[in-house]
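Q: Have a look at the structure that comes next, please.
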Amino acid sequence: MTLDDLRRIMVACAGEDEHVDLGGDILDELFTDLGYDSLALMETAARIETEFGVRIPDEQVAELTTPRALLDFVSGVTVP
C-alpha cells in the first residue's frame, strides 16, 4: 500500500477538507490535523481491509495517529 493509495482511501472515506492539502507532505501530520476523526479512521481501516486484505484491529486504529504510522503498520503485516 502506498501513500497515494492511502490518500485515495482517505478522500473516499471522509472527503477532503478544502483547507488541507493531502497532496503535500502529510506522512507525519496527525490525522486530527488533517480533519479526520475516529469514525473516518475506522472507515479507512475497513476499506484497507477490503482492498488490501489487512485487518487493523479497532484498538490499533486509535494508536495509528499519522499516515506514516498507518502505512508502516500495513506494510509490516503479513497477509495470508
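Q: Wholly within segment 23-80, which helices (runs of 4 or more DSSP H) include no fewer than the required count, namely at least 2 residues that are acidic (Asp, Glu)? Please lay out each step first, then the result.
A: Details: elements: 38-52, 58-61, 67-76.
The helices (runs of 4 or more DSSP H) meeting that bar are 38-52, 58-61.
Residue by residue, here is whether (1) more than 11 Å from the chain's Cα centre (by Cα); (2) at positive phi; (3) of a type outside the set (A, V, I, L, M, F, W, C); (4) at pLDDT below 90 holds:
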position: ASP4; (1), (2), (3), (4): no, no, yes, no
position: CYS13; (1), (2), (3), (4): no, no, no, yes
position: GLY23; (1), (2), (3), (4): yes, no, yes, yes
position: LEU39; (1), (2), (3), (4): yes, no, no, yes
position: GLU51; (1), (2), (3), (4): yes, no, yes, no
position: ILE56; (1), (2), (3), (4): no, no, no, no
position: ARG68; (1), (2), (3), (4): no, no, yes, no
position: ASP72; (1), (2), (3), (4): no, no, yes, no
position: PRO80; (1), (2), (3), (4): yes, no, yes, yes
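Q: Does segment 47-60 hold any residues that are within 14 Å of MET1 (Cβ to Cβ) and either surrounded by fewer than 17 Cβ atoms within 10 Å (Cβ to Cβ) or in contact with a helix residue (DSSP H, G or I) (Cβ under 6 Å, 6 or more places away or on another chain) (or both), and which are they? Quick ask: steps written out before the conclusion?
A: Looking only at segment 47-60, we keep the residues that are within 14 Å of MET1 (Cβ to Cβ), and these are 47-56.
Answer for segment 47-60, where residues must be within 14 Å of MET1 (Cβ to Cβ) and either surrounded by fewer than 17 Cβ atoms within 10 Å (Cβ to Cβ) or in contact with a helix residue (DSSP H, G or I) (Cβ under 6 Å, 6 or more places away or on another chain) (or both): ARG47, GLU49, THR50, GLU51, PHE52, GLY53, VAL54, ARG55, ILE56.
Q: With respect to LEU30, determine if the residue is surrounded by fewer than 17 Cβ atoms within 10 Å (Cβ to Cβ) and modelled with pLDDT of 90 or more.
A: Spelling it out, LEU30 is indeed surrounded by fewer than 17 Cβ atoms within 10 Å (Cβ to Cβ) and modelled with pLDDT of 90 or more.
The values are calculated or read from the model by the stated rules, or taken from the named source; none is laboratory data. Nothing here was measured: the structure is a model prediction, and the numbers come from that model. FYI the Cβ positions are ideal-geometry reconstructions off the backbone, even for glycines, and counts take in every protein chain you see.
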